[in-house]
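The values are calculated or read from the model by the stated rules, or taken from the named source; none is laboratory data. Keep in mind it's a predicted model, so treat the numbers as computed, not measured. For neighbour counting, all protein chains shown are included, and Cβ atoms are generated from backbone atoms with ideal geometry for every residue, glycine included. Note: accessible area is taken over every heavy atom of the protein model, side chains too, but ligands, DNA and RNA are not part of it. Shrake-Rupley method; radii C 1.70, N 1.55, O 1.52, S 1.80 Å.
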Amino acid sequence: MARPIVFCSDYGLADEFVGVCHGVIARIAPDARIIDLTHGIRAMDVRAGAAELAGSVRFMPDDAVYLAVVDPGVGTSRRGIAVETAAGQLLVGPDNGLLSLAWKELGGAVRSVEITSEDVILRPTSHTFHGRDVFAPAAAHLAMGAPLESLGLDVEAGSLVTIPMPGPQIADGQIRCGVLGIDRFGNVQLTAREDDLSRARLDDKRELLLETDEAGVVTLTRARTFDDVRSGQAALIVDSAGWLAAAMNGGSLAEALRIRVGDPVVLSPIG
């Protein structure tokens, strides 16, 4: 039985890119089930793609093959890789850090190869669409049970590109962190968790200030759900992935704050 393939990209759905990759996989592994995690990653935002992928792995099948493509360096000397994790899942994508947070969540990378096999890569190979010609066929072959080494030569795990996940800087009464992600509703996911509020002695505060470089300061009311605050009011919630998130009931807080992924923010008490 073919292994399931979890597919994540910044391709969007307006063009044929996702469908063509599905077609390539179907020709090689017609029985493989494809789980389209998301194709709405902001174009070329490798860090956001890495965060989305890593946040999903605990909900995916244990035997999944992950196919991830957010690849601003396509056609350059950056490698195409396949990685085996300690938990047994396989990851396929560009060696630009996109896969690194996911393999960390899965116990670490235990083996990796560069995808170079003439039996795997489609020819002629486009300089701009390695998702179709390199990564989709590699994932499909792995889903059908091909050994990792059939894709190419071993790569030293320590040489793989990684994306650091910066932790929050905690002080008494203050959390300095960053914007990890922004979803389509404009909710702003932060690189801090609920227990960081306790560490900063902010857990007993009903309202907190969120300071940004662009928008100055906005007041966030602690809430469990969006409806705990009135329409148009900003709230601080714990999102479905366990991160602190700043949100607006009925609106886009990210748009209101003119905030972007990677921006620094500060949480502090009022007064």
*Select from the stretch 110-196 those GluC sites (Glu not before Pro) which occupy a DSSP coil region and have at most 13 other Cβ atoms within 10 Å, ordered by residue number.*
GLU118, GLU156
*Equivalent ellipsoid semi-axes for the stretch 1-101, as square roots of 5 times the alpha carbon gyration tensor eigenvalues: give them largest first, rounded to whole Å.*
19, 17, 13
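So for the stretch 34-83, considering every pair of alpha-carbon atoms, how many percent are separated by more than 16 Å? Intermediate values should be presented prior to the final figure.
Working: 561 of 1225 pairs.
So the portion of pairs separated by more than 16 Å is 46 percent.
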*Mean shadow of the chain, computed from the convex hull of its alpha carbons, in nm²?*
15.1 nm²
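Among the DSSP beta bridges whose two residues both lie in the chain, what percent are antiparallel, rounded to the nearest 5?
Details: 41 of 55 bridges.
Counting only bridges with both partners in the chain, antiparallel ones make up about 75 percent.
Ignoring ligands, DNA and RNA, what accessible area per residue does the chain give at 1.4 Å, in Å²?
Per residue, the chain has an accessible area of 48 Å².
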_Rounded to whole Å, give me the distance from the Cα center of the stretch 125-147 to that of the stretch 228-271._
39 Å
*Determine ³J(HN,Hα), in whole Hz, for all residues of the stretch 161-176 in sequence, where each value follows from phi through the Karplus function 6.51 cos²θ - 1.76 cosθ + 1.60 and θ = phi - 60°; x replaces Gly and Pro.*
6, 10, 10, x, 9, x, x, x, 9, 9, 9, 5, x, 7, 10, 9
*Kirkwood hydrodynamic radius of the stretch 66-205, from inverse mean 1/r over distinct Cα pairs, in Å*: 17.0 Å
*With charges set only on the Cβ (+1 for Lys and Arg, -1 for Asp and Glu), what does the dipole of the chain come to about its Cα centre, in debye to the nearest 20?*
300 debye
*Dipole moment magnitude, nearest 20 debye, the stretch 129-248 about Cα centre, only Lys, Arg, Asp, Glu C-beta charged*: 340 debye
*For TRP103, tell me the accessible area in Å² from a 1.4 Å probe, rounded to the nearest 10.*
20 Å²
*For the stretch 64-76, Karplus couplings with θ = phi - 60° (6.51, -1.76, 1.60), whole Hz, Gly/Pro x*: 5, 9, 9, 10, 10, 9, 9, 9, x, x, 4, x, 8
*Identify which of SER198, SER159, SER112 has the largest mean-square fluctuation in a Gaussian network model of the chain, with springs joining Cα atoms closer than 10 Å.*
SER159
*Roughly to the nearest percent, how much of the accessible area of the stretch 1-66 is carbon and sulfur, given a 1.4 Å probe?*
53 percent
*Calculate the translational D of the stretch 100-159 in whole µm² s⁻¹ from Stokes-Einstein, where the hydrodynamic radius comes from the Kirkwood formula applied to all Cα pairs, the temperature is 37 °C and the viscosity 0.692 mPa s.*
263 µm²/s
